[in-house]
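Here's the structure we're looking at; comments come further down.
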Amino acid sequence: MHEPSFPLLPEIFDPVAWWARTDGERTAIIDAVRETRITYRALHEDADRWHVLLAQRGVRSGDRVAILAQNRYEFLPLFFACIRSGAIIVPLNWRLTSGELARVLSHAQPALLFGELAFRALAHDASVVAGDALWGWVDLDDDVPTLLHHARGQQAPASPPRSHEDTTMLLYTSGSTGEPKGVMLPHRQLLWNAVATTTGWALGPDDIAPASTPFFHTGGWHVFTTPLLYRGGTVVLSGAFEPNAFLDALARYSMTIAFGVPTQFDMLQQAASWGRALPALRTFISGGAPCPQRTKRAVQAAGYRLRDAYGLTECGPNCFATNDRTARERDGTVGWPIPFLEMRVADEHDCVVTAGVVGELQLRGPQLFAGYFRDSARTAEVLTADGWLRTGDLAHVDPDGAYRICGRRKDMFISGGENVFPGEVEAALLDCPQVDAVSVVGVPDEKWGEVGCAVVVSSALAHAAAEPLATALLTEARSRLASYKVPRHFVFVEQLPRLGSGKVDRRAVLDLARAQLSLAAPIR
């Protein structure tokens, strides 16, 4: 008897269209800035109007459609219009300089650039630097309302044939090389990330979460905007992050789960309403960078739960799942691999190391990206021959299979033959009350090869001289760390240099440290 065969994924799944058809009055988006609620039916209809708009502007399947704006509602119908038209959305980082933005735009070559009026000058300056046109600028505030009005009532074009491997989103990652690196996320990746995230984090249609990081960042989209829209949940847009407004929104809209980066949790502690009751909130999720112990303790002391997370633009970005008990009892673990994602810890030859040994975290599964846009060489560098992604992050596995992230492989340095992981040293120093922020880098040393230099931000400098403060920190470090891990140099700065994503720019920190150390001797 002939057995029928079915393709694994027969068609592109459009969650907004599905929820609009089956439960259209569900709230998809809460726009806290405009104080409006948008149902799945309304989001679906708006996406159709944007689809008409894109067609009228000549956008074809495979074209890139860029958007330069803070988190606002228009991102969502535009994204789903791109899915329906076969176009690729390119969220742009509005924190970049005109030169940096020019490199991204020249690389992506968008057919259209939608943008806020506030960023038109930035886009114009970028076009001058690139020596190119303004990439079909369409103003979200002046042009789009009229264009969408004319599109109302018109039939959206039929969607072109699309593959699950077709790119639907192009995210440019931060880097210190100055070269743009566009991460291609296909339909397949978004679907599997949504299924794995909602399963691993137990998210359902009654969950409500903020888009608390910018949409030019993977966290803005995938922690937890796209997973919740696939699941029928609700996403809250609150505009630019402001601590008091963020806490008020968590309470006002009964949000159930919220993601933030460590810097945001530090800012929240300064809010007047910090510690207020949030009965609907199950837990905070911290990601984007290691969360300092001091920050975790402050969040927990205020009566909130907090879990560590890990991910990267090229995979997930939700790679692990944990629970409140594990987060409380085994601090530092990010938990167990999320569904469908294979993991291993490997040495420099891509050979698996034994449990407890630190090596590079490598990932494989349907949540992987499709490669770097127009950059096959860099794609080949990060993928093994059998499809494992080299994350560049160091990790080790506990006996029960839970993972711990130890830092970046390229940040590790060797002092006297011993591996030093800056993240471990930074965590120890951040426990010192005099340290507000710190980045540790390895610098040359005649005797040991390399030694640590701690570049420190400290408000205590207003009341103490640098040398006594450095001596005090050295004493603290010696009580917490093995001798080879203790920094030999301390450099004090007003703020740490950061990339567009908000992460510390370690290359700039190293340059700064080397410049300062030409005038300083190590502390003995």
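Rule-based calculations on the coordinates, nothing more; no lab input. Remember, it's a predicted structure, so these values are computed and weren't measured experimentally. FYI the Cβ positions are ideal-geometry reconstructions off the backbone, even for glycines, and counts take in every protein chain you see.
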In terms of the alpha carbon gyration tensor, root eigenvalues a ≥ b ≥ c, rounded if a/c is under 1.5 and otherwise prolate when a/b exceeds b/c or oblate, the range 400-443 is oblate
Going residue by residue through the range 442-457, the Karplus relation 6.51 cos²θ - 1.76 cosθ + 1.60 with θ = phi - 60° gives ³J(HN,Hα) values, rounded to whole Hz and with x marking Gly or Pro, of x, 10, x, 8, 4, 7, 9, x, 9, 9, x, 10, 9, 9, 10, 9
Per the range 387-480, sqrt(5λ) over the Cα gyration tensor eigenvalues, sorted largest first, in Å, gives 28, 17, 12
Of every Cα-Cα pair in the chain, the percentage lying beyond 40 Å is 25 percent
Once amide hydrogens are built 1.01 Å from N within the peptide plane, the residues lying 5 or more places from SER458 or on another chain with amide H under 5 Å from its amide H are ASP436, VAL493
Rounded to the nearest 10, the angle in degrees between the Cα long axis of helix 243-252 and the longest principal axis of the Cα atoms of the chain comes to 50 degrees
A chain fully extended from ASP445 to HIS463 at 0.36 nm per residue, minus the present Cα-Cα distance, gains in nm 3.3 nm
Expressed in nanometres to one decimal, the distance between label points 7 Å along Cα→Cβ at LYS410 and LEU147 is 3.6 nm
With R₀ set to 51 angstrom, the calculated FRET efficiency between the beta-carbons of ALA472 and SER98, to the nearest 0.05, is 0.75
Sequence order, the range 391-400: Karplus ³J(HN,Hα) from phi using 6.51 cos²θ - 1.76 cosθ + 1.60, θ = phi - 60°, Hz rounded, Gly and Pro as x, gives 6, x, 9, 8, 8, 9, 10, 6, x, 8
Cα extents of the range 39-180 per principal axis, largest first, Å, are 44, 35, 26
For ARG307, the residues 5 or more places away or on another chain with a placed amide H closer than 5 Å to its own amide H are PHE284, ILE285, SER286
Under the Karplus relation with 6.51, -1.76 and 1.60 and θ = phi - 60°, whole-Hz ³J(HN,Hα) for the range 347-359, x at Gly and Pro, equal 8, 5, 9, 6, 9, 5, 9, 6, 4, x, 8, 6, x
Note to self: C-alpha centroids of the range 44-120 and the range 442-487 sit apart, in Å, by 46 Å
Taking only C-alpha positions in the range 123-237, Rg and Dmax in angstrom work out to 17.8, 49
With Cα coordinates, the longest principal axis of the chain makes an angle with the long axis of helix 466-480, in degrees rounded to 10, of 90 degrees
In whole angstrom, the spacing between the Cα centers of the range 383-417 and the range 130-166 equals 42 Å
Counting only residues 5 or more apart in sequence or on a different chain, those whose built amide H sits under 5 Å from that of ILE88 are GLY62, ASP63, ARG64, VAL65
Taking the convex hull of the alpha-carbon atoms of the range 278-417 and averaging its shadow over every direction gives an area in square nanometres of 10.7 nm²
Here Rg/Rh (Cα, Kirkwood) for the range 101-159 equals 1.08
Over the range 171-225, the quotient of the Cα radius of gyration and 2.2 N^0.38 Å is 1.32
